[in-house]
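These notes concern the structure reproduced below.
The values are calculated or read from the model by the stated rules, or taken from the named source; none is laboratory data. All figures in this text were calculated on a predicted structure; none of them were measured in a lab. FYI the Cβ positions are ideal-geometry reconstructions off the backbone, even for glycines, and counts take in every protein chain you see. The area values use the complete protein model at the heavy-atom level, side chains included, leaving out ligands, DNA and RNA. Shrake-Rupley method; radii C 1.70, N 1.55, O 1.52, S 1.80 Å.
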Amino acid sequence: MASNTVVGELFQEGTSQVRPPYFNGQHFSHLKVCMENYTMSYNIKVWRVIKKENLSIPLKKDKDGQIIVSSDPLDLDDYTKEQSVVIQVNAKAKNLLYNAISGEEYEKISSCETVNIKM
């Protein structure tokens, strides 16, 4: 019976191809292995962002190689295709981590600027 309780705690939510493993503050070593496997199967670039740091957004340059500074960096029309890909990978990493944690764990990381975690 005791082993059923542990299994129940480990697999409260998640554990599918469409939802990441769920972390409720217990059994971090197990979550670490599951999260790495899940994330790498989801997108290897997303795992790199989680393991290392956010990808940097490539700067937009004109034909002479001069950096173009936009007056509104959030205007989607100003992003190159490469910049959009980087932004999307960073957002996927953050989304994956937020969906894998309980509300209590969210409170611990909600003020973080990057998705980088030490595993």
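Taking Asp78 as the residue in question, decide whether it is more than 29 Å from Glu36 (Cβ to Cβ), open to solvent by less than 60 Å² (accessible area, probe 1.4 Å) and modelled with pLDDT under 80.
yes
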Please go through region 51-64 and give me each residue that is outside any loop (DSSP other than H, G, I, E, B) and without any contact (Cβ under 8 Å) to a residue 24 or more places away in the chain, ordered by number. Lys61
Flagged in region 18-50 as part of a loop (DSSP other than H, G, I, E, B) and touching a residue at least 24 places away in the same chain (Cβ under 8 Å), in numbering order, are Arg19, Pro20, Pro21, Tyr22, Asn24, Gly25, Asn43
Any chance Glu53 is surrounded by 11 or more Cβ atoms within 10 Å (Cβ to Cβ), at pLDDT 85 or above and acidic (Asp, Glu): no
